[in-house]
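Q: Supplied in structure tokens, the structure appears directly below.
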Amino acid sequence: MSMSKKSEFRPNDYVVYPAHGVGQILSIEKQSVAGLDLELFVISFAKDKMTLRVPTNKAQDVGMRSLSSPDVVSKAMATLKGKARVKRAMWSRRAQEYEAKINSGDLIAIAEVVRDLHRNDEQREQSYSERQLYEAALDRLTRELAAVNDDMDEDGALKAVDDILMSRAAA
């Protein structure tokens with residue numbers, strides 16, 4: 001195992017785990033599993049009340065990454081301002097694509113899902129599954145936004161995203 005992989009993430013760092021969103025590394029611990037000695041990142045997802053252990057040598061393979069740079073965050077916010085792109089494919093196909101984007105951990109792809117599934121008051125009602133996907137994407141987006149901006153909590157991030165979505169609807 002190379003030293004560069006070990007030093008990329010440290011305890012107390014916030015990281016993005018694609019399937020779960022933003023978490024904080026609590027510690028790096030050694031554990032023996034099935035006779036193998038493993039070094040593990042212990043990651044806490046406070047909002048989900050969940051702790052995840054990821055082998056340090058597999059972190060890259062599973063797509064674990066540092067928080068997005070301010071540049072990526074501004075691109076994601078710009079994505080929200082764009083026009084919603086709804087394909088005419090069957091809902092089940094679109095839902096799979098949205099789910100894949102959310103679980104990719106890519107902030108811009110997540111912003112695309114939020115943009116595409118956002119409904120304002122004049123538009124037709126969302127189905128239950130549309131609402132679930134929208135809320136999952138919105139949650140991931142606002143958590144990372146809040147983690148990247150020291151001066152913003154999750155409520156502030158949600159308000160910032162809402163403001164952009166509403167200004168788009170008014171235009």
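Q: Could you pull out the residue among Ala89, Ala147, Ala136, Ala109 that is surrounded by fewer than 16 Cβ atoms within 10 Å (Cβ to Cβ) and among the hydrophobic types (A, V, I, L, M, F, W, C)?
A: The match here is Ala89.
Q: Across the range 35-65, what is the number of residues that are open to solvent by 70 Å² or more (accessible area, probe 1.4 Å) and hydroxyl-bearing (Ser, Thr, Tyr)?
A: Total satisfying the criteria: 1.
Q: Which pairs do you get when a residue that is within 15 Å of Asp48 (Cα to Cα) and acidic (Asp, Glu), found in the range 125-148, comes within reach of a residue that is at pLDDT 95 or above and surrounded by fewer than 22 Cβ atoms within 10 Å (Cβ to Cβ), reach meaning Cβ atoms under 7 angstrom, with the pair 6+ apart or on two chains?
A: none
Q: Would you mention how many residues in the range 85-108 are touching a residue at least 12 places away in the same chain (Cβ under 8 Å), of a type in the set (Ser, Thr, Tyr) and under 17 Å from Tyr128 (Cα atoms)?
A: 1
Q: Name the single residue that is farthest from Leu67 (Cα to Cα) among those in the range 6-34 being open to solvent by 70 Å² or more (accessible area, probe 1.4 Å) and not in a strand (DSSP E or B).
A: Ala34
The values are calculated or read from the model by the stated rules, or taken from the named source; none is laboratory data. Predicted, not measured: the structure shown is a model, and the values here were computed from it. Heads up, the Cβs are rebuilt from the backbone with ideal geometry, glycines too, and the neighbour counts pull from every protein chain shown. Just so you know, the surface numbers come from the protein's heavy atoms only, side chains and all, with ligands and any DNA or RNA stripped out. Shrake-Rupley method; radii C 1.70, N 1.55, O 1.52, S 1.80 Å.
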